[in-house]
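The values are calculated or read from the model by the stated rules, or taken from the named source; none is laboratory data. Note that the structure is predicted; figures quoted are calculated from it, not measured. Neighbour counts run over all protein chains shown; Cβ positions are idealised from the backbone, glycine included. Remember, those area values only see protein heavy atoms, side chains included, never the ligands or the DNA or RNA. Shrake-Rupley method; radii C 1.70, N 1.55, O 1.52, S 1.80 Å.
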Amino acid sequence: MGAMSAHTHDHIDWADRLAVLRAADGLDSEAQAAAVARLVAQLPNGPTVVDLGCGAGGVSTHFARELAARDGGTIVLADATPELLGEAERAVRAVAGPPVEVRAVRADLADAELPARLPAADLVWASRVVHHLPDQQAAVATLAATVRPGGIVALAEGGLSFACLPWDLGLGRPGLEDRLRAAQAEWFAGMREGIDGSVPMPYGWPIALKHAGLTGIGSFSVLVDHPAPGPDTLPGYLHHHLSQLAEHAADLLTDDDRSTLAALLDPAGPHHLANRRDLYLLGARTVHYGRRA
């Protein structure tokens, strides 16, 4: 892992994960485009869209294309990690074109003063960022304060866990992926507990939106489906994903499962992911939304 270049509440070096964020955006692209089109269809002409925790900017490239097709608007990219913010701005400007204004703001969603630093938005989008913050409900309230009356807050959180491996890999005990998923859930619980000032939120995202004063609350999901053998980028993405899991959740796995995982991640071995033609990616991203009264 590289040196931390910016404070993050979850103690994860997101700048070090730029390559995998780009790969994830590529694999999620079709699903992202579908979610963005559904949201933008509900916006007025010339809207302002704020992407909080924009990461590498993959989702906002779709916002840029949608706004350009509707005669323009403004996209505000916001992230606490400078390297990610710079990459997002580059990616979005590359597809935005003259009708779409692009701004970049270094910002932390945990900052209660954030709404005063951003333009009033017609849509605030936050994808898989709120669950990394100490007080998730307070962060949702900040999102709600960033939209103008009638504006939409959209949270991409949860969905169906991704599957990528066959049940029987030909080595180790079958059903590895189910046990990896359980280990990841345990790691996530520990990550939440390790965030300084972590506050429990013992209810789901639609209720969090309601507590933030939003109305017209609903949810929808988009499918990510790459059947085997999957695109060329899939083995590399899965290698990084499983490597992170092997690092963070090793103590939660049996010796046999650690050995199987090591074999899958060994570039010189016969079972390396890149040698398999049965890898796939199947899951769903869920978007929860509500309007400010």
Note on the chain: contact order normalised by length, alpha-carbon pairs under 8 Å, 6 or more apart, percent, works out to 20 percent
Keeping all protein chains in the complex and leaving out DNA, RNA and ligands, what accessible area do you get for Arg258 with a 1.4 Å probe, in Å² to the nearest 10?
90 Å²
Spin-label model distance (nm) - Leu223 vs Leu160, 7 Å beyond Cα toward Cβ:
0.8 nm
Per-residue accessible area for Arg90 at 1.4 Å probe radius, Å² rounded to 10?
130 Å²
Check Val105: other-chain or 5+ apart residues with amide H under 5 Å from its amide H, H built from backbone geometry?
Leu77, Ala78, Asp79
Percentage relative contact order, region 130-224, counting C-alpha pairs under 8 Å, at least six apart
44 percent
Trp205, Trp187, reordered so the largest accessible area comes first (probe 1.4 Å):
Trp187, Trp205
Non-local residues with an amide H under 5 Å from the amide H of Val224, with H modelled 1.01 Å from N and Pro and chain starts lacking one, are Gly283, Ala284, Arg285
The ³J(HN,Hα) series, computed from each phi in region 195-201 with the Karplus coefficients 6.51, -1.76 and 1.60 at θ = phi - 60°, rounded to the nearest Hz and given as x for glycine or proline, is 6, 4, x, 4, 10, x, 10
At 1.4 Å probe size, with the rest of the protein present, what percent of the exposed accessible area of the chain is carbon and sulfur atoms?
54 percent
Determine the per residue accessible area of region 15-292 with all protein chains present and a 1.4 angstrom probe, expressed in square angstrom.
43 Å²
So if I place +1 on the C-beta of Lys and Arg and -1 on the C-beta of Asp and Glu, and nothing else carries charge, what would the dipole magnitude of the chain be about its Cα centre? I want it in debye, nearest 20.
1000 debye
Hey, can you grab everything whose amide H is under 5 Å from the amide H of Val199? Only 5+ residues off in sequence or another chain; H modelled, so Pro and N-termini drop out.
Asp135, Gln136
Which label marks the calculated value of log10 I(q)/I(0) by the Debye sum over Cα atoms at q = 0.07, 0.14 Å⁻¹, given the options [x] -0.27, -1.07; [y] -0.24, -1.03; [z] -0.41, -1.05?
[x]
Tabulate in residue order the Karplus-calculated ³J(HN,Hα) for region 127-135, using 6.51 cos²θ - 1.76 cosθ + 1.60 with θ = phi - 60°, rounded to whole Hz; enter x for Gly and Pro.
10, 6, 10, 4, 5, 8, 9, x, 10
Extension length gain for His211 and Glu186 (0.36 nm per residue less Cα distance), in nm, is 6.3 nm
Could you give the C-alpha radius of gyration of region 100-256 expressed as a fraction of 2.2 N^0.38 Å, taking N as the number of residues it contains?
1.27
I'd like the accessible area for Ser243, computed on protein heavy atoms only with a 1.4 Å probe and all protein chains in place. Round to 10 Å², please.
40 Å²
Each residue of region 220-231 in turn: what ³J(HN,Hα) in whole Hz from Karplus with 6.51, -1.76, 1.60 and θ = phi - 60°, glycine and Pro shown as x?
8, 10, 10, 8, 10, 9, 10, x, 4, x, x, x
